[in-house]
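Quick notes on the structure that follows.
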C-alpha cells in the first residue's frame, strides 16, 4: 500500500499552486446548471457536495442531474449508496479526497457542487476531534426522543448550543441526538469543537487553494419563486410515484437519513394520510424554504465564502477556473 504521506508530498510538490473550486448555495439556486455550463468551458471534474444525491433511487426529489447530463459531464459521489445505508461526514471526506486525487491525476480541476455545507466545512477545515460515541447516552437520548419529541430536544439543544441548533432541523434526529450526546458527554457544545478544526482539510493535504463561491439569489422572493417552479416540475415528473415505489420496499422506513430528505419525508407522511395535493405542496414548500434558510445561515457563518447573485457568481467562478486552468499547465 502507498504511504499516504508520500502521496501527499508528491501531489503537493507537483501542484503547489493548483486551485480547486466549490460551487455552493441554497437549494434551487441554480448550482447544477451553472456547474454543467462551466464544465463545457473548463477541464473540470464535478464532485457532488450533496448528502441526498449519494442515494440510488432518490432521483426526482433531489433534482439529481439527468442521465444525459451525467453522460455529458460525469459527477462523482452520485448513486453510491443504497437508501438503507448511513453516509457520514467522514465517509464524504474520504470519498471526496479520493475523487479529487483522481481528478488531479487526470489533469483536471476538482469542482465541488452542492448545498451540504457541513460536508464543505469538513472537506475544507478537517474533521473536528469529537468525543467517541457513547452508547448509553445515545440510548437515553433515543428514549427521550420517543417520549418528549424532537421539538423538545431541539429546544434543549438551542438553549446550550444555539449555533449548532441553527443548522440542525428538528426532524433530523441523527444530527440532533449527536449534538446533544456531545454536550452531555463532554459538557461542551458541539460548536466549540468546530473551532478546533485546523489546516487539515483535503485541499491542504493536496497542496491546493480552494475558492468557495456561493449562488445566493436576491431578493429572497426570487429564490422562493425558483423553489416553487422546481417543485411543480418535480411533481409533474412523478415525485409522488417515486416515493410510492420506495415505500414498497420492506427494508425502508421514514426514519432513515435518506428518507428524511426534504420532500421525501413530507410525501411519505402524506401517503399515510392523503389529503388534497395543495396541502402536500405547501408542506414541501415550507420545508424547502426552511432548508434554504439554514443553508444561507451556514454560508454567512462559514467564512471564506464569496457570495453573489447567480449571474455575478458565475462570472466569479469563470475567473477562478481560468486561474485554475493556468495552474494546470
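Structural remarks
- Here the condition is being out of contact with any strand residue (DSSP E or B) (no Cβ under 9 Å at 6 or more places or on another chain), farther than 17 Å from residue 227 by Cβ and either assigned by TED's automatic domain parsing to the domain that holds residue 262 or assigned to a helix (DSSP H, G or I) (or both); of 322, 327, it holds for 322 alone.
- Residue 208 buried (at least 17 other Cβ atoms within 10 Å of the Cβ), over 21 Å from residue 54 (Cβ atoms), assigned by TED's automatic domain parsing to the domain that holds residue 44 and in contact (Cβ under 8 Å) with a residue 40 or more places away in the chain: yes
- Filtered residue count, region 122-149, keeping only those that are without any contact (Cβ under 8 Å) to a residue 60 or more places away in the chain and surrounded by fewer than 17 Cβ atoms within 10 Å (Cβ to Cβ): 17
- Lone qualifier among 56, 72, 81 - being in the same structural domain as residue 262 (by TED's automatic domain parsing), more than 11 Å from the chain's Cα centre (by Cα) and closer than 14 Å to residue 32 by Cβ: 72
- Subset of region 242-261 (residues that are within 15 Å of residue 52 (Cα to Cα) and at pLDDT below 95): 254, 255, 256, 257, 260
- Yes/no for residue 83 being touching a strand residue (DSSP E or B) at 6+ places or on another chain (Cβ under 8 Å) and within 23 Å of residue 216 (Cβ to Cβ): no
- Counting only residues that are free of Cβ contacts under 8 Å to residues at least 60 places away in the same chain and outside any helix (DSSP H, G or I), region 169-190 holds 4 of them.
- Candidates 153, 112 - the one that is over 18 Å from residue 264 (Cβ atoms) and in the same structural domain as residue 22 (by TED's automatic domain parsing): 112
The values are calculated or read from the model by the stated rules, or taken from the named source; none is laboratory data. The shown structure was predicted, so the numbers you read here are calculated from the model rather than taken from an experiment. Counting neighbours? That spans all protein chains shown, and the Cβs are built from the backbone with ideal geometry, glycine included.
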